[in-house]
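The values are calculated or read from the model by the stated rules, or taken from the named source; none is laboratory data. As the structure is a computational prediction, the values presented were derived from the model and not from experiment. So basically every Cβ, Gly included, is an ideal-geometry build from the backbone, and we count neighbours across all protein chains shown.
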Amino acid sequence: MQMFTRIDWPAVGITLTLGAIGGGIAYAIGLPIALLLGSLLAVGGAAALGLRPLGRRIQVPPVLRIIFIPVVGVAIGANFTPEVARQMVNWWPSLLALCLYIPVVHAIGYFFYRRFGPLDAKTAYFGAVPAGMVECVMLGEEVGADVKMLVLLQFLRLILTILLVPVAFALLTDIHVGPAVRLGGHGGMGPADLFILGAAAISGAWIAKRLRFPAAVMTGPILMSALVHATGLTSAVPPVWAVSVTQVIVGCMLGARFSGLPMGHIGMAIRLTIVNVLFGLGVAFVFTRALAHVIDQPPAAIFLAFAPGGVTEMSLIALSIQLSVVYVTAHHVMRIVMGILIARTFAKRILG
């Protein structure tokens with residue numbers, strides 16, 4: 001209970017309201033994944049400028065992530081069908097290619113940060129890892145990297161990828177990432193369905209955390225939701241409003257991380273990260289072209305699977321266009337695991 005009583009709930013309420021307003025405006029003007037991007041931009045802008053609406057600081061407690069992220073996991077798991085299961089055995093070429101993509105992108109980012117940024121080797125090395133932000137920050141902190149800059153580099157990689165992937169789709173394909181997330185599955189949500197999906201979310205997150213899965217609060221519910229849908233226990237999906245609320249929560253959490261960061265550091269980190277993300281997306285495009293005739297997946301799905309964003313955010317984009325959601329999510333989970341393993345393996349050789 002102390003975890004909840006220590007939270008400044010009025011400040012949280014103001015932050016979420018600001019995010020909801022930003023999401024609503026973004027939806028009205030037709031931005032891609034509008035509720036996520038709009039809330040991120042509104043809260044991030046207020047946090048970066050040091051604004052204190054009604055005298056309260058911008059904040060979103062981590063406990064909300066634990067509560068709401070499983071909703072996305074359950075929605076993704078609903079896309080797991082026998083047909084998807086049959087296709088999975090044919091994904092090995094792109095999963096193998098991912099093991100090459102990760103060190104290539106990491107090396108490019110590291111040398112770019114060292115050459116053009118005033119960063120020490122440790123911060124540049126862990127700031128360039130295309131894996132989970134939290135895990136990269138923890139690894140960098142252990143060896144004495146600049147934690148604030150490391151958080152900025154990794155955090156901005158996620159945000160800029162979210163912003164640039166829809167632009168890439170618009171320029172290179174006829175796919176439009178719409179403002180709303182469309183869900184798979186079918187059927188209404190009855191009391192029994194609510195109980196089954198709720199149990200899948202809670203038990204999946206708990207088991208995954210116990211087994212130390214990457215992004216456990218999402219991957220666990222994905223697997224349990226896939227199980228209950230594949231076995232026919234339910235065909236329901238979370239209601240649209242629940243996924244919409246989750247988008248606002250995720251956007252607000254990302255935006256709130258700008259609070260207290262020096263503006264000079266933010267500007268420099270943005271300039272560096274824009275180029276690094278463009279490199280990463282460029283390499284993803286090359287791999288997409290190479291794999292397009294090998295993998296029985298749309299090129300856009302392959303590109304999205306290799307884009308250096310976060311699991312939750314890239315999965316929401318996949319949901320919004322109903323594009324090989326399980327394929328995309330599986331590759332991003334693999335990217336986190338392999339990215340951390342590769343970073344650990346070569347850290348001593350490169351950093352000394």
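Taking the range 114-147, which residues are among the charged types (D, E, K, R) and more than 20 Å from the chain's Cα centre (by Cα)? Working first, answer last.
Restricting attention to the range 114-147, the residues satisfying the condition of being among the charged types (D, E, K, R) are 114-115, 120, 122, 135, 141-142, 146.
Hits for the range 114-147 are Arg114, Arg115, Asp120, Lys122, Glu141, Glu142, Asp146.
Does at least one position in the range 258-265 carry a residue that is crowded, with 17+ Cβ neighbours inside 10 Å and part of a helix (DSSP H, G or I)? Steps first, answer last, please.
Residues of the range 258-265 crowded, with 17+ Cβ neighbours inside 10 Å: 258-259, 261.
Imposing the further condition that a residue be part of a helix (DSSP H, G or I) reduces the set to none.
Scanning the range 258-265, I find no residue that is crowded, with 17+ Cβ neighbours inside 10 Å and part of a helix (DSSP H, G or I), so the answer is no.
Report, by residue number, each residue of the range 279-294 that is in a helix (DSSP H, G or I) and not β-branched (Val, Ile, Thr).
Our first condition is that a residue be in a helix (DSSP H, G or I); within the range 279-294, this holds for 279-291.
The answer is Phe279, Gly280, Leu281, Gly282, Ala284, Phe285, Phe287, Arg289, Ala290, Leu291.
Quick check: anything in the range 162-183 among the basic types (Lys, Arg), in contact (Cβ under 8 Å) with a residue 40 or more places away in the chain and either under 21 Å from His331 (Cα atoms) or not in a loop (DSSP other than H, G, I, E, B) (or both)?
Of all residues in the range 162-183, those among the basic types (Lys, Arg) come to 182.
Still in the list and also in contact (Cβ under 8 Å) with a residue 40 or more places away in the chain: 182.
Then drop every residue that is not either under 21 Å from His331 (Cα atoms) or not in a loop (DSSP other than H, G, I, E, B) (or both), which leaves 182.
Yes: one or more hits.
Could you grab me the full set of residues in the range 301-329 that are at pLDDT 90 or above and within 13 Å of the chain's Cα centre (by Cα)?
So in the range 301-329, the residues at pLDDT 90 or above come out as 301-308, 327-328.
Of everything in the range 301-329, those that are at pLDDT 90 or above and within 13 Å of the chain's Cα centre (by Cα) turn out to be Leu304, Ala305, Phe306, Ala307, Pro308, Val328.
Pull up the range 80-139, narrow it to residues that are under 27 Å from Arg212 (Cβ atoms) and of a type in the set (Ser, Thr, Tyr), then point me to the one that is surrounded by the fewest Cβ atoms within 10 Å (Cβ to Cβ).
Among those that are under 27 Å from Arg212 (Cβ atoms) and of a type in the set (Ser, Thr, Tyr), it is Tyr110.
Starting from the range 211-239, keep only residues that are at positive phi and aliphatic (A, V, I, L, M), then list their pairs with residues that are modelled with pLDDT under 85 and not in a helix (DSSP H, G or I) whose Cβ atoms are within a distance under 9 Å, requiring at least 6 positions of separation or different chains.
Ala215/Gly132; Ala215/Gly310
Hey, among the residues in the range 244-264 that are modelled with pLDDT under 85 and not aromatic (Phe, Trp, Tyr), which one's farthest from Met189 (Cα to Cα)? Give the steps one after another, and end with the answer.
Going residue by residue through the range 244-264, those that are modelled with pLDDT under 85 are 254, 257-264.
Narrowing further to those that are not aromatic (Phe, Trp, Tyr): 254, 257, 259-264.
Details: Leu254: 30, Arg257: 35, Ser259: 39, Gly260: 42, Leu261: 43, Pro262: 46, Met263: 46, Gly264: 49 Å.
Result: Gly264.
Condition test on Ile69, is it closer than 18 Å to Trp241 by Cα and either at pLDDT below 85 or touching a strand residue (DSSP E or B) at 6+ places or on another chain (Cβ under 8 Å) (or both)? So that I can check it myself, show each step before the final result.
On the way: closer than 18 Å to Trp241 by Cα: yes; either at pLDDT below 85 or touching a strand residue (DSSP E or B) at 6+ places or on another chain (Cβ under 8 Å) (or both): no.
So Ile69 does not fit the description; no.
For the range 295-352, how many residues are among the hydroxyl-bearing types (Ser, Thr, Tyr) and outside any helix (DSSP H, G or I)?
First, the residues of the range 295-352 that are among the hydroxyl-bearing types (Ser, Thr, Tyr): 312, 315, 320, 324, 327, 329, 345.
With outside any helix (DSSP H, G or I) added as a condition, the list becomes 324.
Residues flagged as among the hydroxyl-bearing types (Ser, Thr, Tyr) and outside any helix (DSSP H, G or I) within the range 295-352 amount to 1.
Being in contact with a helix residue (DSSP H, G or I) (Cβ under 9 Å, 6 or more places away or on another chain) and closer than 30 Å to Phe116 by Cβ: is that true of Met224 here? Quick ask: steps written out before the conclusion?
Details: in contact with a helix residue (DSSP H, G or I) (Cβ under 9 Å, 6 or more places away or on another chain): yes; closer than 30 Å to Phe116 by Cβ: no.
No.
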